[in-house]
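Student: My questions all concern the structure below.
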Amino acid sequence: MFIVAGHLVVDPGRREAYLAGCARVVEQARGAPGCLGFSLTADLVDPGRIVVYERWESRAAVEAFRGSGSSDEQNAEILAAEVAEDDVAGVRELT
């Protein structure tokens, strides 16, 4: 399993518009082969922060999806980012 997690920082006044512009990407990711979960959500405390969480079957699956990446317009709105990839060797289900 491969997890991508972290956060983006955008102008607080533009966060909702930024997230709305990402809806199609979320839909595409969730329908992509190997995607186990994908979300971009507003942080409950910081008005400019967007939480990133992706869960994939493998690194190859995430790389196949990422092909084109985000648009130049979306990239221009990101003021800062801290996102990391984790290759997980084992998983213990809690449910």
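The values are calculated or read from the model by the stated rules, or taken from the named source; none is laboratory data. This one's a predicted model, so the numbers in the text were calculated from it and none came from an experiment. Every residue, glycine among them, receives a Cβ derived from its backbone with ideal geometry; neighbour counts consider all protein chains shown. Protein only, heavy atoms only, side chains kept; ligands, DNA and RNA dropped before computing areas. Shrake-Rupley method; radii C 1.70, N 1.55, O 1.52, S 1.80 Å.
Student: Taking into account only those residues within segment 60-95 that are open to solvent by less than 80 Å² (accessible area, probe 1.4 Å) and polar (S, T, N, Q), which is modelled with the lowest pLDDT?
Tutor: For segment 60-95, the residue satisfying everything is S70.
Student: Let me ask another. Could you check, for segment 1-15, whether at least one of its residues is in a strand (DSSP E or B) and at positive phi?
Tutor: There is at least one residue in segment 1-15 that is in a strand (DSSP E or B) and at positive phi.
Student: In the set V26, V10, V51, which member is at pLDDT 95 or above and within 9 Å of the chain's Cα centre (by Cα)?
Tutor: V51
Student: What's the number of the condition V62 fails, among (1) touching a Cys at 6+ places or on another chain (Cβ under 6 Å); (2) over 24 Å from E16 (Cα atoms)?
Tutor: Unmet for V62, out of (1) touching a Cys at 6+ places or on another chain (Cβ under 6 Å); (2) over 24 Å from E16 (Cα atoms): (1).
Student: Just to be sure I understand, how many residues within segment 40-59 are in contact with a Lys or Arg (Cβ under 9 Å, 6 or more places away or on another chain) and surrounded by 14 or more Cβ atoms within 10 Å (Cβ to Cβ)?
Tutor: 5
Student: Could you list, in sequence order, the residues of segment 14-33 that are under 15 Å from D43 (Cβ atoms) and either open to solvent by less than 20 Å² (accessible area, probe 1.4 Å) or among the small types (G, A, S) (or both)?
Tutor: Matches in segment 14-33: Y18, C22.
Student: If a residue must be hydrophobic (A, V, I, L, M, F, W, C) and within 15 Å of R24 (Cα to Cα), how many such residues does segment 53-76 contain?
Tutor: Qualifying residue count for the region: 1.
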